[in-house]
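What follows is a short report on a single structure.
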Amino acid sequence: VTKQALRSLKGVYAVSAPVKDSFVRLYQDLIPAATPIEVIHNGIDTERFQPDAAARQALRERLGFAKGDFVVMFCGRLDTIKRPVFALQVFAEFVKSHPQGRLLIVGDGPEITALKTRIDTLKLQDKVILAGQVADTTPYYQASDCYLSTSGQIEGCPLATAEALASGIPAVVPNDDVFTSVYGASIAVQRCNPDLLAEWCQALLSVAQLDAAARQLLSQSAQTFAQTHLSVELMNQKLTLFYENIASECSHSTPL
């Protein structure tokens, strides 16, 4: 079936360079010669995730955050591949050095029970908010100061980090092939060895210890990167060109 499917292949696009490399590695002997294979990242609506001071203040007040609290946001399905318990361990180390730290966890899943148990064990009930699954994540990004992703399994093109950047908040993520290929060029993204707890803690501290002016510059850099690299408009432009080129090649090919 795979041979039959790939025999008529006209073009391929992958959502990240590692996904492209994986596809080529698996099917290189079956892909017709000269087949175009391009990388086109998934895009987000960057306008939707613009910073909003009023929305930020309203949600922070509703969630009980104080003015000086540094809010770290974790967003996603709470399962083992996202490593929410490890994210909690990172936060637990971070808050020892930065008592104003708060962890905002948005999402639900099978790890919720283990997460609650660990929160109790670490006595972090007053520093962690479990928001659960929400209909709109936008205000939660806006209410936060830094985004944390601890995914332990390579994803195709993780978009929650893009949403965080568009919201004007820096991100701390795993140093793996996908995050490097998609976000490695952004100074608002720090990449950490997935297994070194101290490295994650230090990355969070480096953001929390910035003064207001430096945070503002980092926020602007985050937004600019999202707008110029990860917008849905850019994705659509690249997809349009991709399919136009495929259609042009097909129109000039010799009929069988």
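Expressed as an acute angle from 0 to 90° and rounded to the nearest 10, what is the orientation of the C-alpha long axis of helix 84-97 relative to the principal long axis of the chain?
40
Mean separation of Cα pairs under 8 Å and 6+ residues apart, divided by the residue count of the chain: what relative contact order is that in percent?
Details: 410 pairs, mean separation 58.0, N = 256.
Result for the chain is 23 percent.
Once ligands and nucleic acids are excluded and a 1.4 Å probe is used, how much of residue 182 is accessible, expressed in Å² to the nearest 10?
We get 10 Å² for residue 182.
Could you work out how far helix 197-208 tilts from the main Cα principal axis of the chain, as a 0 to 90 degree angle to the nearest 10?
80
For the stretch 81-214, take every pair of Cα atoms, bin their distances at 10 Å starting from 0, and report each bin as a whole percent.
Here the calculated profile for the stretch 81-214 is 11, 44, 38, 6, 0.
In the chain, carbon and sulfur make up what percent of the accessible area (probe 1.4 Å)? Numbers along the way, then the final one.
Numbers: 6820 of 13080 Å².
Carbon and sulfur atoms account for 52 percent of the accessible area of the chain.
So how many Lys-Lys pairs in the chain land under 26 Å Cα to Cα, not counting same-chain pairs under 8 apart?
So the count of such lysine pairs works out to 17.
If you count only protein heavy atoms with a 1.4 Å probe, what accessible area per residue comes out for the stretch 6-160, rounded to a whole Å²?
Working: 7630 Å² over 155 residues.
In whole numbers, the stretch 6-160 has 49 Å² accessible per residue.
Just to confirm the number: angle between the C-alpha axis of helix 53-63 and the first principal axis of the chain, 0 to 90 degrees, nearest 10?
It is inclined by approximately 60 degrees.
From the alpha carbon gyration tensor of the stretch 28-156, can you work out the equivalent ellipsoid semi-axes (sqrt of 5 times each eigenvalue) and give them in Å, largest to smallest?
Working: eigenvalues 212, 84, 31 Å².
Taking √(5λ) for each Cα gyration eigenvalue gives 33, 21, 13 Å.
With r defined as the distance between the Cβ atoms of residue 34 and residue 210 and R0 fixed at 45 Å, what FRET efficiency is calculated, to the nearest 0.05? Each step should come with its number before you reach the end.
Values: r = 49 Å, r/R0 = 1.10.
Here the calculated transfer efficiency is 0.35.
Rank-order 55-61, 233-239 by packing density, defined as the average count of other C-beta atoms within 10 Å over each peptide's residues, highest first. Each step should come with its number before you reach the end.
Values: 55-61: 16.9, 233-239: 14.1.
Descending mean neighbour count gives 55-61, 233-239.
How fast does the chain diffuse by Stokes-Einstein, in µm²/s, taking the Kirkwood radius from C-alpha pairs at 20 °C and 1.002 mPa s?
Working: Rh = 19.8 Å.
Translational D for this selection: 108 µm²/s.
Can you give me the convex hull volume of the Cα atoms of the stretch 126-190, divided per residue and expressed in Å³? Don't skip to the answer; put the middle values down first.
On the way: hull volume 7.0 nm³, N = 65.
Measuring per residue, one finds 107 Å³ for the Cα hull of the stretch 126-190.
The values are calculated or read from the model by the stated rules, or taken from the named source; none is laboratory data. In this text, all values refer to a predicted model and were calculated from it rather than measured experimentally. As a convention, Cβ positions derive from the backbone with ideal geometry for all residues, glycine included, and neighbour counts pool all protein chains shown. Areas reflect the complete protein model, heavy atoms only, side chains present, ligands, DNA and RNA absent. Shrake-Rupley method; radii C 1.70, N 1.55, O 1.52, S 1.80 Å.
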